[in-house]
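This report concerns only the one structure given below.
The values are calculated or read from the model by the stated rules, or taken from the named source; none is laboratory data. Owing to the predicted nature of the structure, the values given are computational and were not obtained by experimental measurement. Backbone-built Cβ (ideal geometry, glycine too); neighbour counts: all protein chains shown.
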Ligand code: SF4
């Protein structure tokens, strides 16, 4: 391709004048680069930045991260979502700290074999930390390449990755792979943006196929993703004195190792409060509500969208005026629950975002009494 040299030179010139200052830019420590890249997977820079700063402050070295209790790490991760990233982060930190004596791998293949590290992250660490010639391919790079070369292959088609990766690798400046990768991502994030790209002032404009053909608005092409599966949760929030009951999600499912209130999953969410109470009572207290227990109210429905799921949840609050009888919480379905104070819950327990939203609002809009 004749325009490769044009692209490379113009992009690097643009980068010299426009690069975004961020704490991990120009960083050579593979630990910090890896940490920032894992945090930024599926996360916007503005959202990930304070998390990166908190992690670096709490765990300045990979050994500190490896030695942290998982609950503490998950709590620090709270709000970022995609918790498998945090679990992989921990596993990889332990592996490097304890089995590699704290020394980060320095080849693409060895980086790629780390838990939670895919082609993109391996290329980013390899190029930023070790100046190795591996091109990154993220959403920004897909977009810039699709537009500049006028490629109409859907970016989520199975064959797209190979096609775009080959072009990205050809474009890469072998003398400055780290800077080039950063330039591509910054250019896609701030100039050749998804909506209203900066075509009128673009340094690549004269050779850009999408600009010439008026297709910047339709490229990159993406096929419609299948609809997400819906799940419906009814949570029982038990209050006695300052305590509540929580259970850890240990199954291989969403939100593994996070804490939640006792849960009843249903096929749909009843719109009628009495139906919700009936379902909860049948499930949690088949012999009827224990003495002294009062249902305070039911929340409005909350909705959280995950990668492949949409979870809708309501929260039903049940309060004991006095300490509940012992037997209540020692038996199914409460036997794996732990009692924690509300303060402890807020400070130390990592919960799914939908629970956090509820705890912040605590609005029993459909108050029964
Ligand atoms: S001319 Fe427009 S579409 Fe082409 S690279 Fe520049 S900003 Fe992107």
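Taken together, the criteria exclude residue 136 from residues that are surrounded by 18 or more Cβ atoms within 10 Å (Cβ to Cβ), without any contact (Cβ under 8 Å) to a residue 60 or more places away in the chain and within 16 Å of the ligand (Cβ to nearest atom).
Among the residues of this structure, residue 204 does not count as one that is under 30 Å from residue 362 (Cα atoms) and crowded, with 19+ Cβ neighbours inside 10 Å. Counting only residues that are part of a helix (DSSP H, G or I) and buried (at least 17 other Cβ atoms within 10 Å of the Cβ), segment 95-118 holds 5 of them.
Residue 43 satisfies every condition listed in (1) more than 20 Å from the chain's Cα centre (by Cα); (2) part of a loop (DSSP other than H, G, I, E, B) except (1). Within segment 156-180, the set of residues being over 19 Å from residue 10 (Cβ atoms) and either touching a strand residue (DSSP E or B) at 6+ places or on another chain (Cβ under 9 Å) or away from the ligand (no atom under 16 Å from the Cβ) (or both) comprises 156, 157, 158, 159, 160, 161, 162, 163, 165, 166. Number of residues in segment 168-178 that are surrounded by fewer than 20 Cβ atoms within 10 Å (Cβ to Cβ) and part of a helix (DSSP H, G or I) equals 2.
Taking the numbered list (1) more than 29 Å from residue 125 (Cα to Cα); (2) more than 16 Å from the ligand (Cβ to nearest atom) in turn, residue 200 passes all entries but (2).
If residue 223 satisfies all but one of (1) near the ligand (Cβ under 8 Å from one of its atoms); (2) in contact (Cβ under 8 Å) with a residue 60 or more places away in the chain; (3) closer than 20 Å to residue 160 by Cα, what's the number of the condition it fails? Exception for residue 223: condition (1).
Listed here are the residues, each with its yes/no results for (1) over 30 Å from residue 338 (Cα atoms); (2) at pLDDT 95 or above; (3) in contact with a helix residue (DSSP H, G or I) (Cβ under 6 Å, 6 or more places away or on another chain); (4) not assigned by TED's automatic domain parsing to the domain that holds residue 305.
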{"position": "190", "(1), (2), (3), (4)": "yes, no, no, yes"}
{"position": "198", "(1), (2), (3), (4)": "yes, yes, no, yes"}
{"position": "219", "(1), (2), (3), (4)": "yes, yes, yes, yes"}
{"position": "233", "(1), (2), (3), (4)": "no, yes, no, no"}
{"position": "240", "(1), (2), (3), (4)": "no, no, no, no"}
{"position": "245", "(1), (2), (3), (4)": "no, no, no, no"}
{"position": "255", "(1), (2), (3), (4)": "no, no, no, no"}
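Tally the residues that are outside any helix (DSSP H, G or I) and either under 27 Å from residue 149 (Cβ atoms) or in contact (Cβ under 8 Å) with a residue 60 or more places away in the chain (or both), restricting the search to segment 1-23. Qualifying residue count, segment 1-23: 4. The set of residues from segment 274-284 being in contact (Cβ under 8 Å) with a residue 24 or more places away in the chain and more than 33 Å from the chain's Cα centre (by Cα) comprises just one member, 277. Exactly one residue out of 210, 183 is within 10 Å of the ligand (Cβ to nearest atom), part of a helix (DSSP H, G or I), touching a residue at least 24 places away in the same chain (Cβ under 8 Å) and at negative phi: that is 210. For segment 141-153, a residue qualifies if it is within 11 Å of the ligand (Cβ to nearest atom) and either surrounded by fewer than 20 Cβ atoms within 10 Å (Cβ to Cβ) or over 27 Å from the mean Cα position of the chain (by Cα) (or both), and the qualifying residues are 147, 148, 149, 150.
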